[in-house]
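Dropping the structure in here first, questions after.
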Amino acid sequence: MQVFFDYPWYVAVLCVAAGAAYSVALYWLHHKKADGNRRTTIALSVLRFATVTILALLLMGPVLKRKVSRNERPMVVVMRDVSQSVPIEQQAIPTGIKEMEKEYEVVYDSFGGGSTDIAAALQSVGNRYAGRNVGAVVLMSDGIVNRGANPEGAATALGVPVYTVALGDTTRRRDAWVSEVRCNRVAYAGSQFPMQVSVRADLLQGERATLSVTHEGRTVVSKPVTFTDNGFSQTLDITLDADRAGLQRYTVALSPSPGETSTANNSRTVVVEVLDGRRKVAIVASAPHPDLGALKQAIESNPNYAVEVFASPLGASTPKGEQVKDWDMAILHNMPRDAEWLRWVQSLPATLPLVYIVGTQTDVARFNTLHCGMEITAKRSVTEEVTASGNDAFTLFAVDADIRRRIESLPPLAAPFGNYRTAPGVQPLFYAKIGGHASDRPLMAFGTQGDSRRAYIMGEGLWRWRLHSYLMTGSHDDFDQLIEKLVVFTSTSSRRDRLHVTAERIYRQDERVTLHAEFYDDNWQPTNQPEVGCDLTNTGTKATKHYDFQPSGSGYALPLGTLEPGNYLLHARTLFGGKEYTWNGTFAVEALDLERLNLVADHTLLNTISHTTGGRMLLPHQTDSLTALMRNRGDMKGVRYTNTQYSPLVSLPLVLVLIILLLALEWAGRKYLLNDE
């Protein structure tokens, strides 16, 4: 323990001298004392000397340096499966688990509901309790997984034993169900699209059923199915006609079989968006680059878009005016590179939606002359590596929080060094993180210029994002979805509607729906001053509810939570300057009752998780042995943390108590022991 002063040592000597001078002046020069009070006077002067000296020293702001230690017991995280497939009576915490609280720090959490993703639940443990003294995880579940990745990898990644408590019933019952329906979420009017339906059945050997697909109450496909064994599984290929544009709902149903335990899992409903035609996207660059292929593959993962790449020096292969007229949007990579490319970019129609990707080959000075909503001020032409940092206030469209978090961990992009300035109304989706520190510099942003939308990616190297996304998750979905949202937003007409509402076209039943709205004043600047309300109508039940948007950033947000399956009509309106503005749109909520598909517990999975992590699988009545099992491991020990703490001396309670005590003793001495003449 040490005390530090910011002043030279002789200032402390002056504080002591001030205390001595104050004491002498008060008790030896100001008062005349009786001979019998000499000892009392000395004691009181010492008390006053100590009080004044301490107060003077505290005015110097001394800091106390000390080491503080704390002990942390081993933590046990109990993850409880509360999905519909687990009986209610088995979801209670067993007494054996509660007994662990006597020796360990036990925290409880739950997962599940409309679907079960054990891998995500285990990953959340690693994220939330990183750096804590987690000794073990107790997983209470029936082992049924109907969403997410295989949980074995997530369990191993925790680095601690996972003890599983096996819930549910492993008894097989007579049952048949539609286990999965796979089809394109987007189709084109006048074309056909494929659908794959997986059918499973238990203990129904020899029985027959009919698989049918209905659309608007009309059966469009019907196929017979014969269950050839007691563990039947078959995938059927179906071709459907997309004969009407809009959100189309298809119901896939399996006719009941004699003696089935449940028929609730015999049908599934999917929603397909049927479009009138494909949008044409052009990617233009002055030279080949790996980014171009990554963007093309990501955009073409959505069959709604056709992509054409132009990657060559300005010349004969440059897109001509008649080609440009057919484009729905263009992505300009490292543009403009020189004066000729600048003139070509300036010749593009003002109404054409554009995405600017600014990189190492971009001529920043010429880029600034475009006045496209983004400008860079730089004294020298150099680049730096930047990573992504999400903007929580972004309101133009929704990006899944997990995807955004994984995007933030992707490799850096090469971006021009300098000061960035954006036009009013431009919203960053990601800020640039430089050297691990977040900045207010946009990395990916969106805005509107005239009657068309603009997007800005201030860095090149997107091919690394797509590659690393695959290494992280085993698929390109994160990158592809991000680019798809960028293209969908940018290529969609900005409408120039004063009021506009942004919503996904299709939501899942267990997905929380949040709508975003924006309103522009007479100067076409975003404002959220007027109140915006909306009526939401379920077209199936005809039920209508009224909601009010809440201000969020420069726009509005309306969290609706989860909605019942169906098609919804949205009518938004507001009053501004005595005039009413409206917006109409549609979206669909897709039924997703995954918990009814499989009711047979998978204890084999739970046993595998426990075995690979060094834990054990127990039944609920065996949880009394959990404490002993963990105690016998020998590696679940408490941790003692020691850190250096700096505290202002004046903030310590003991200092205040000491000063009050000195003053109280002096007051008592003066009142009862000292006799002043």
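The values are calculated or read from the model by the stated rules, or taken from the named source; none is laboratory data. Note that this is a predicted model, so its numbers are computed, not measured. With ideal geometry, Cβ positions are generated from the backbone for all residues, glycine too; neighbour counts draw on all protein chains shown. For accessibility, only protein heavy atoms count, side chains too; no ligands or nucleic acids. Shrake-Rupley method; radii C 1.70, N 1.55, O 1.52, S 1.80 Å.
Yes/no matrix, rows are residues, columns are (1) open to solvent by 80 Å² or more (accessible area, probe 1.4 Å); (2) hydroxyl-bearing (Ser, Thr, Tyr); (3) in contact with a strand residue (DSSP E or B) (Cβ under 9 Å, 6 or more places away or on another chain); (4) modelled with pLDDT of 90 or more:
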residue	(1), (2), (3), (4)
LEU570	no, no, yes, yes
ARG573	no, no, yes, yes
GLU580	yes, no, yes, yes
GLU595	no, no, no, no
VAL600	no, no, yes, no
THR612	no, yes, yes, yes
THR627	no, yes, no, no
MET630	no, no, yes, no
LEU665	yes, no, no, no
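While we're looking at this one, here's another question. Of ASN584, ASN607, which residue is among the polar types (S, T, N, Q) and over 30 Å from GLU152 (Cα atoms)?
When all the criteria are applied, what remains is ASN584.
So, restricting to strands (runs of 3 or more DSSP E) that lie completely within the stretch 479-565, which ones have at least 3 residues that are under 30 Å from GLY293 (Cα atoms)?
On the way: elements: 499-502, 506-508, 513-519, 532-538, 544-548, 550-552, 555-561.
It comes to none.
Still on this structure, please answer the following. Looking only at helices (runs of 4 or more DSSP H) that lie completely in the stretch 1-99, which have at least 2 residues being open to solvent by 80 Å² or more (accessible area, probe 1.4 Å), of a type in the set (Ser, Thr, Tyr) and more than 30 Å from GLY114 (Cα to Cα)? Steps first, answer last, please.
Details: elements: 9-24, 38-58, 95-98.
Where helices (runs of 4 or more DSSP H) fall fully within the stretch 1-99 and carry at least 2 residues being open to solvent by 80 Å² or more (accessible area, probe 1.4 Å), of a type in the set (Ser, Thr, Tyr) and more than 30 Å from GLY114 (Cα to Cα), they are 9-24.
Let me ask something else. Looking only at strands (runs of 3 or more DSSP E) that lie completely in the stretch 249-342, which have at least 1 residues being at pLDDT below 90, more than 27 Å from GLU504 (Cα to Cα) and of a type outside the set (A, V, I, L, M)?
Filter on the stretch 249-342 gives 305-311.
OK, next. Return the residues of the stretch 361-380 that are open to solvent by less than 60 Å² (accessible area, probe 1.4 Å), outside any helix (DSSP H, G or I) and either among the polar types (S, T, N, Q) or more than 18 Å from TYR420 (Cβ to Cβ) (or both); say none if nothing qualifies. Walk me through how you get there before you give the answer.
The initial filter retains those residues of the stretch 361-380 that are open to solvent by less than 60 Å² (accessible area, probe 1.4 Å), namely 362-364, 367-368, 370, 372-376, 378.
With the extra rule that they be outside any helix (DSSP H, G or I), the set shrinks to 362-363, 370, 372-376, 378.
THR362, the sole residue that qualifies.
Of everything in the stretch 209-233, what is loosely packed, with under 14 Cβ neighbours inside 10 Å and assigned to a strand (DSSP E or B)? Give them in sequence order.
Correct list: THR210, ARG218, THR219, SER222, PRO224, THR226, GLY231, SER233.
In addition: Quick check: is even one residue across the stretch 397-410 closer than 18 Å to VAL358 by Cβ and outside any loop (DSSP other than H, G, I, E, B)?
Scanning the stretch 397-410 turns up no residue that is closer than 18 Å to VAL358 by Cβ and outside any loop (DSSP other than H, G, I, E, B).
I need the full set of residues from the stretch 236-248 which are open to solvent by less than 70 Å² (accessible area, probe 1.4 Å) and either in contact with a Cys (Cβ under 7 Å, 6 or more places away or on another chain) or assigned to a strand (DSSP E or B) (or both), in order please. Give the steps one after another, and end with the answer.
Of the residues in the stretch 236-248, the ones open to solvent by less than 70 Å² (accessible area, probe 1.4 Å) are 236, 238, 240, 242, 245-248.
Listed by number, the residues that qualify are LEU236, ILE238, LEU240, ALA242, GLY246, LEU247, GLN248.
In the set GLY131, GLY168, GLY206, GLY143, which member is assigned to a loop (DSSP other than H, G, I, E, B) and modelled with pLDDT of 90 or more? Reasoning before the result, please.
Working: GLY131 fails: modelled with pLDDT of 90 or more; GLY168 fails: modelled with pLDDT of 90 or more; GLY143 fails: modelled with pLDDT of 90 or more.
GLY206 is the lone residue from the list that is assigned to a loop (DSSP other than H, G, I, E, B) and modelled with pLDDT of 90 or more.
Considering only residues that are open to solvent by 10 Å² or more (accessible area, probe 1.4 Å) and touching a Phe, Trp or Tyr at 6+ places or on another chain (Cβ under 8 Å), look in the stretch 171-185 and name the one that is modelled with the lowest pLDDT.
ASN184
Given the conditions (1) open to solvent by 20 Å² or more (accessible area, probe 1.4 Å); (2) assigned to a strand (DSSP E or B); (3) not hydrophobic (A, V, I, L, M, F, W, C), which single one is not true for SER198?
Against the list (1) open to solvent by 20 Å² or more (accessible area, probe 1.4 Å); (2) assigned to a strand (DSSP E or B); (3) not hydrophobic (A, V, I, L, M, F, W, C), SER198 comes up short only on (1).
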